[in-house]
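Read the figures in this text as sums done on the coordinates, not as results from a lab. No experiment lies behind these values; they were computed from the predicted model shown. Cβ: placed from backbone, ideal geometry, glycine included. Neighbour counts: every protein chain shown.
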């Protein structure tokens, strides 16, 4: 009885397999792409239609028998597709697609004209006014901007026309390489056109030996510090920023003047911004091998605090001078840092270098390492700090020009308040700038692709942490 039942089961499986195969074949044929076959020697072939699927290439499915095309027919088909590509070219020359950088040295295409209605803003009259005195407004700054040729049109130029509109000592850093020459020429041409060549300087820095072990422009920070030391030896304050950082410069000057007037910091080097930690001790990760899970301990590195470069780095000449103290071999310490610091990001390298010199961070979390929209909505940091200083990930020129319009609506020495930002950038369809964020802030992290662990993953990690004694040190996100 058992063998008969087994044969019945096998027969049923065979029939089911044949049925599935037949259905799949029909589905493939139904989802084919119909392409006219170019004319060949045969007059009848000019009116035939071919189809392409993963089963091969043949004539119309209405034919009783599929005829495989010859190599000559295939060549003609490819040529026809190439001719169609020429007639309807795909624009892949733009190095920035959907905000993602494809080629950092390729010049971006010209951007469409900006909608001027974005500049229609309204100030919040109920917020307390904060106005800098003359001494605070006259604080001198030297600013370094890290960018790439591909981002000149979409990020750098809007930044120069918004956040850095009134600044007179800006240095834009490129790699000294023929690949960046077109970007440098584009920027120089723009600066000459708007008569700002005397205010914004294009600087080509020589690449360093370990540059290839870094992110896109992570190697720039230390050579930029070296450049500032030699070019601006008498300058007291320096700012290092990315091309997607927006500084409210009146707030920057107020922050620096408060430090100058505080006797606690007198004579001490200042390295200021939002602190982060590199090399968090401990931790483990789960690795899946087939159906098996195994736990691997992460590498334990020395914990070092550094200032987040995305939100901006404020540093004074005393801190920079520490990096030019001679080491045991007789070289400037910064040279040793450039030769031995292999961290993946430039702000981390700078932090490790200053940590070795015992230069501590002066934390100022008014420099936000995330966007203005998250600061306003998700974290509501306006309840914790009197005024904002900078925001990170300002990657849309509409945001830059709109925030500049808010600054211009205030007096020249007056700070932008949290009330101004809430007035003009609050979510919801009834507000003018609701286009910047869809109706609410709560899902901001998910929208920008930062993955959040599921409750199951959180519980699993806690169990692994206790079982294998590899708990990672918790670093709370402070705002």
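Here are the numbers for the structure shown:
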read-out	value
Exposure proxy ranking, count of Cβ atoms within 10 Å, fewest first, for 234, 206, 244	234, 206, 244
Sequence ranges 456-465, 351-360, 142-151, ranked by mean other-Cβ count within 10 angstrom, highest first	142-151, 351-360, 456-465
Cα gyration tensor shape for region 300-393, rounded if a/c is under 1.5, else prolate or oblate	prolate
Packing-based ranking, highest mean first, of 329-341, 308-320 given that Cβ atoms within 10 Å are counted	308-320, 329-341
Using alpha carbons only: equivalent-ellipsoid semi-axes of region 217-267, gyration tensor based, whole Å	23, 17, 9
Nearest-0.05 FRET efficiency for residue 398 and residue 206, computed from C-beta distance (R0 22 Å)	0.05
